[in-house]
Amino acid sequence: MATVNLAPTTIKEIPENDFFLTPSCILGAVNPGTEVLISRIYDLLGLTWRAAGDRAESQCTCCTGFSSHGDLISIESTLLVTARLWSIAAELGLENITTACVTSFAIHTECLEMYEHEPGLHERVDRWLQQACGRRLQIPKHVVHASDIVYRYRNDLAHKLRYRLLDHETGRRLRVVDHVGCHYAKVFPEKAIGGAESCDVLAGLIRAWGGETVDYPERRHCCGMGFRQCAIRPNRGYTMACVLKKLDSMEPWQPDAILTNCPGCNLFLDKEQWAIQQMTGKTFDIPTLSYTELAGLLLGWDPYDVVGIQAHTVPVEPLLDKMGIAYDKSKEWLGKRVAGGT
Amino acid sequence: MNSESATGKKILPADLVSKKAEELDQIPDGELVAAYESFRDHEDAESGTYPNISRLYGTSLEREKDRRETRAQAETCNAEMQEWYEKARNEPCTWWLKNHLVAKHALKSCIACGVCTAQCPAAQYYPEYNPRTILDAALTQNEERLVELLKSDTLWYCGQCGSCKPKCSRENNLMGLISSLRFLAQLKGYHLCSVRGRQQYAMRHLCGGNLWNRACSLYFRNITAEGHPDFGPRYAKYQSEAEAQMVRLGANPDRPGHFGGRKLSPQTLAEFRSCLACGGTLVLWNQLEESAAEDATKNGISIDEYHIRVHREG
Amino acid sequence: MQVALVLSSLGMPSLVVEKSSALGGRVPRLSRTFPFFNDDGFNDGKEFTDSIERDLRATPLADIRLSTVVTSLRGEFPNFAVELSDGSAVDAGAVVVATGFKPFDPTSLKEYGYGVYPNVITASELEWMLNPRGPTGGKLMRPSDGKSAERLAIVFCVGSRNRRIGAPFCSRICCSYGTKQASTVMERNPKALVACFYMDVRTYDRGFEEMYSLAQERGVRYIRGRVSMCTQLPDGSVGVRAENTLLNRPFSGEFDLVSLSTGMRPCEDAIQLAQCLGISCGPDGFFLCREWFRHPHDATRDGVFLAGCATGMKPIRNCIIDGAAVAARVTALLRKATT
């Protein structure tokens, strides 16, 4: 079936180095390797990056995005928390914020935009910030998502890849669905590579790394994470329904994998496939990877020790087999229980 | 870090961990907090980890402590936004739409073209949900209609995805408006009138507890296998060795670091709490506690039972 | 053309300078004109423009230069010196700008898939397809596979009434021409499924409302909701998504062919023309008139006048009426100035 390439039109300014990296709540909770991989990729590319605080004393708070969209926190508190992070970045001499999470990206961007729309806000937040923690409001030069950086350096990474998105036996280009996080492309479309309708941040990676993109009717449909909808169990049917809708829609194209750049999407497009199979009998078994996980695998990093594919519900090993990537299955589980129980 | 006897009081934190909220009633605020903190900050010298964090997480003790601390911090905090939100609570909804930082920029005019609802995943899923009608209610400036909206389940169906935002012909921010109205609904206690609204109490301790104690919205121990059977047996297996897997992958479960599960320095936590307080969030959390206590009493159940109920209702 | 024709009837000589190689603008491609269709005396747009051109060429007072543009305008009313792209120069007492419009190109609205999905076309392309002189002999076909198109969606307001894309204005005639097209399709194929997706139906002029009810009586469905996106299904059909705002429910449907009723933009070189002629444009890009009520045809420079769609979209009949009005105004002013 014909696949469609939509040419991107939005030109976004992506900084090339000196990043302040902010971590993600969802990734930290369920896909921890994914965000560590961002730092590994930055290191591989020889880029300078710092996070808040150092290993011995962490200052990394979250941006409160999940809580904000979960309706638990005032916008002013969010402004203060992000201002605090910006102040730490400024102390480190860094003016380029790269977030691990797309909701963070939208939150930081929303804060930046508010200072432009609301007269006097800058002065008020500066005052409150001093009152709260003795810091000053300093607006960063750039706020981007970490996938923007990987997009920018996708060709450099392409040169370093040991593997490609190809079936290593037949040479067929793998069909990869690009699922871009809603908060990356839709909330501030002019800040997304390619805009909301023809977003290229993941499609560009797929093309650069040897694969083929897939255009299917529900391509831009939300994964359904929905913050309070996924967090509170009785509401999670909505999330499942959204995932099923997307999977049903992409199925005629028989995709080999789904690529994401959002922690929530990566989580639910993967995990709900099991429940859907149980409830409807439909087996999709489409491995779902984040852009950092995919990069790590194609670079030849250890699938279990470094990339962390064991955290996925849909097994990723069949995809590795397709690409001819070697792995030692016995390394998957460690046999150690969590101290003190869950 | 502090040893258990630092305060000189004879409180045994290990006992407190298993107590219910009503049993902790007798213990004064300061002692409760000190006991919690000393237990939490006990460091296992060999591994450099804090093994009691996981024991404290999700307990009545933690929630009760959070309740007390939030009240205390709100009382001593002299924040402009705290006063603002206290005042806003008693103003009409129409006042909020003109004055709240998000709401006032969210709406301009609407031609009722429907592109927002056309794209909305929630409108496709919930038969009675139509986000355009929420915007319409706000534009009519009709107080009665707005109050009805704030008391309904309708307001809570939105998944905050933003699919509506890039489409709007008149550049409205429907997603932001809904978020703003939800805040107001809780502030006025109207959330108690709907099943989905009442769930906010669950969120208060889930995300709110994480923010207060870990400065992060989510915590790896939240996503239990029992609470997420839809994730399947592979997830259950992973979760059973989550801590070890996290360390292996470079994360920091219950220990200092940059990545998942990290324990932050006390200074950072204090700064973060101040940011929450100065932004007025504690007004909301205290209101949520008040509403919950009222609703629990009305239903003849304890606050802990109420907390479980709102997690499961719907 | 009308301006020159009426000027001739008033005894005024004129020179018609046309940029393209034929007269008539976009009208010749129309499969029929509205609101009365065949009852207005012409079978299609070309018959209509041919009739005017015939009359124009018959009069000795009007001169026609095709494939030519004005390159400079010097002097002052009533003594202008005009230079043309064919190297010649002409003296003129007045200049009338009747440069028309350009349909909006929907390629930039990625949500509709125009230029990517073969079965998404523009209203102009639909019009030409419906024209018996066109590429399919008047049959409705799916460009993707040549099969007959039985299910047609017509999307109103593409590129208009949208502040987000910097086009807050209404293009006035798209509801009407879209209704005309829908009505035509149903008339030829009563079994077809034709749905128009609208926000308002602005069929406002004399006879237009009757055309609208006739369309509905013929079976055209009108669904009130702006189309938010088009998608392509495996068999090439196009999925259309909107909200049926009268029922408060999201709508999703599949069509063989989707026609985007594109709004209008000023003619391609409006800005260069404005500079060359020394006149101003409004914020919507169309030329500005000096005074809204009393002198709607005067441009912002003395002696330069505006006719037709150059000042904003209007139906063909109104352009003809406009032409006559401008001719009268020019004649009156020139006679006064030269006595």
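The values are calculated or read from the model by the stated rules, or taken from the named source; none is laboratory data. If you're wondering where the values come from, they're calculated on a predicted model, not measured in any experiment. Glycine also receives a Cβ, built like all others from the backbone with ideal geometry; neighbour counts cover every protein chain displayed. Ligands, DNA and RNA are stripped out before the accessible areas are found, and what is left, the full protein with its side chains, is counted by its heavy atoms. Shrake-Rupley method; radii C 1.70, N 1.55, O 1.52, S 1.80 Å.
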*Members of region B:110-127 that are facing chain C (nearest Cβ under 9 Å), open to solvent by less than 50 Å² (accessible area, probe 1.4 Å) and assigned to a loop (DSSP other than H, G, I, E, B)*: B:Ile111, B:Ala112, B:Cys113, B:Gly114, B:Cys120
*asked:* With the requirement that a residue be modelled with pLDDT under 95 and within 30 Å of B:Ala236 (Cα to Cα), what does region A:36-58 give you?
replied: A:Arg55, A:Ser58
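In this structure, is C:Val240 in a strand (DSSP E or B), in contact (Cβ under 8 Å) with a residue 40 or more places away in the chain, within 18 Å of C:Cys157 (Cα to Cα) and more than 14 Å from chain B (Cβ to nearest Cβ)?
Numbers: in a strand (DSSP E or B): yes; in contact (Cβ under 8 Å) with a residue 40 or more places away in the chain: yes; within 18 Å of C:Cys157 (Cα to Cα): yes; more than 14 Å from chain B (Cβ to nearest Cβ): no.
Spelling it out, it is not the case that C:Val240 is in a strand (DSSP E or B), in contact (Cβ under 8 Å) with a residue 40 or more places away in the chain, within 18 Å of C:Cys157 (Cα to Cα) and more than 14 Å from chain B (Cβ to nearest Cβ).
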*Residue count, region B:143-164 (criterion: within 28 Å of C:Ser160 (Cα to Cα) and touching a residue at least 24 places away in the same chain (Cβ under 8 Å))*: 3
*Name the residues in region C:215-225 that are open to solvent by less than 50 Å² (accessible area, probe 1.4 Å) and either more than 14 Å from chain B (Cβ to nearest Cβ) or of a type outside the set (Gly, Ala, Ser) (or both), would you?*
C:Ala215, C:Gly219, C:Val220, C:Tyr222, C:Ile223, C:Arg224
_Residue under evaluation C:Pro283, criteria (1) within 14 Å of chain B (Cβ to nearest Cβ); (2) part of a loop (DSSP other than H, G, I, E, B), criterion not met_ = (1)
_Matching residues in region A:8-27 - criterion: being at the interface with another protein chain (Cβ under 9 Å from one of its Cβ atoms), modelled with pLDDT under 95 and more than 12 Å from the chain's Cα centre (by Cα)_ = A:Thr9
*For region A:201-215, enumerate the residues that are farther than 14 Å from A:Asn155 by Cα and of a type in the set (D, E, K, R).*
A:Glu212, A:Asp215
*Pairs with Cβ under 8 Å, 6+ apart, first in region A:10-25 and farther than 18 Å from A:Leu45 by Cα, second assigned to a loop (DSSP other than H, G, I, E, B) and among the polar types (S, T, N, Q)*: A:Cys25/B:Ser217
_Only one of B:Glu31, B:Glu69, B:Glu46 that is at negative phi, surrounded by fewer than 18 Cβ atoms within 10 Å (Cβ to Cβ) and not in a loop (DSSP other than H, G, I, E, B)_ = B:Glu31
_Only one of A:Asp256, A:Asp270, A:Asp248, A:Asp215 is of a type outside the set (A, V, I, L, M) and under 18 Å from the mean Cα position of the chain (by Cα). Can you tell me which?_
A:Asp270
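Can you report the number of residues in region C:35-64 which are closer than 24 Å to C:Val90 by Cβ and open to solvent by less than 50 Å² (accessible area, probe 1.4 Å)?
First, pick out the residues of region C:35-64 that are closer than 24 Å to C:Val90 by Cβ: C:52-53, C:55-64.
Next cut, open to solvent by less than 50 Å² (accessible area, probe 1.4 Å) only: C:52-53, C:56, C:59, C:62, C:64.
Summing the residues that are closer than 24 Å to C:Val90 by Cβ and open to solvent by less than 50 Å² (accessible area, probe 1.4 Å) in region C:35-64 gives 6.
For C:Ser228, indicate whether it is away from chain B (no Cβ under 14 Å) and modelled with pLDDT of 95 or more. Walk me through it before giving the result.
Numbers: away from chain B (no Cβ under 14 Å): no; modelled with pLDDT of 95 or more: yes.
It is false that C:Ser228 is away from chain B (no Cβ under 14 Å) and modelled with pLDDT of 95 or more.
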*Checking B:Lys188 against (1) of a type in the set (Lys, Arg); (2) within 12 Å of chain A (Cβ to nearest Cβ); (3) in contact (Cβ under 8 Å) with a residue 24 or more places away in the chain; (4) open to solvent by 10 Å² or more (accessible area, probe 1.4 Å), the condition it does not meet*: (2)
*Any chance region C:157-177 includes a residue that's more than 14 Å from chain B (Cβ to nearest Cβ), over 23 Å from C:Phe101 (Cα atoms) and assigned to a loop (DSSP other than H, G, I, E, B)?*
no
*Within the set of pairs 6 or more residues apart or between chains, which connect a residue that is without any contact (Cβ under 8 Å) to a residue 40 or more places away in the chain and at positive phi inside region A:159-174 to a residue that is surrounded by 13 or more Cβ atoms within 10 Å (Cβ to Cβ) and of a type outside the set (A, V, I, L, M) with Cβ atoms less than 8 Å apart?*
none
_Contacts under 6 angstrom Cβ, first residue in region B:130-142 being closer than 14 Å to B:Cys120 by Cβ, partner open to solvent by 10 Å² or more (accessible area, probe 1.4 Å) and assigned to a loop (DSSP other than H, G, I, E, B), 6 or more apart_ = B:Asn130/C:Asn248; B:Pro131/B:Cys120; B:Leu135/B:Cys110
*Do we find a residue being open to solvent by 10 Å² or more (accessible area, probe 1.4 Å), farther than 22 Å from A:Lys191 by Cβ and either within 7 Å of chain B (Cβ to nearest Cβ) or among the charged types (D, E, K, R) (or both) anywhere in region A:92-113?*
no
_Matching residues, region C:137-171, being among the β-branched types (Val, Ile, Thr) and in contact (Cβ under 8 Å) with a residue 60 or more places away in the chain_ = C:Ile154, C:Val155, C:Val158
*Can you list the helices (runs of 4 or more DSSP H) found entirely within region A:8-70 that contain at least 1 residues being over 15 Å from B:Asn252 (Cα atoms)?*
A:32-44, A:65-69
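Looking for something part of a helix (DSSP H, G or I), of a type in the set (Phe, Trp, Tyr), more than 8 Å from every other protein chain (Cβ to nearest Cβ) and out of contact with any His (no Cβ under 9 Å at 6 or more places or on another chain) - is there at least one such residue anywhere in region B:128-138? Outline the logic, then answer.
Quick first cut of region B:128-138, residues part of a helix (DSSP H, G or I) only: B:131-138.
Next, from what is left, pick out any that are of a type in the set (Phe, Trp, Tyr): none.
No, that holds for no residue.
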*asked:* Restricting to region B:277-309, name every residue that is within 12 Å of chain A (Cβ to nearest Cβ), among the hydrophobic types (A, V, I, L, M, F, W, C) and open to solvent by 20 Å² or more (accessible area, probe 1.4 Å).
replied: B:Ile308
*Only one of these is of a type in the set (D, E, K, R), open to solvent by 10 Å² or more (accessible area, probe 1.4 Å) and more than 7 Å from every other protein chain (Cβ to nearest Cβ): B:Arg234, B:Arg196, B:Arg248, B:Arg262. Name it.*
B:Arg196
*Wholly within region A:259-342, which helices (runs of 4 or more DSSP H) include no fewer than the required count, namely at least 1 residues that are open to solvent by 30 Å² or more (accessible area, probe 1.4 Å) and within 12 Å of chain B (Cβ to nearest Cβ)?*
A:263-280
*Tell me, yes or no, whether region B:161-174 has at least one residue that is buried (at least 24 other Cβ atoms within 10 Å of the Cβ) and in a helix (DSSP H, G or I).*
yes
_Let me spell it out: the conditions are (1) free of Cβ contacts under 8 Å to residues at least 12 places away in the same chain; (2) in contact with a strand residue (DSSP E or B) (Cβ under 9 Å, 6 or more places away or on another chain), and C:Asn43 meets all of them except one. Which number is the exception?_
(2)
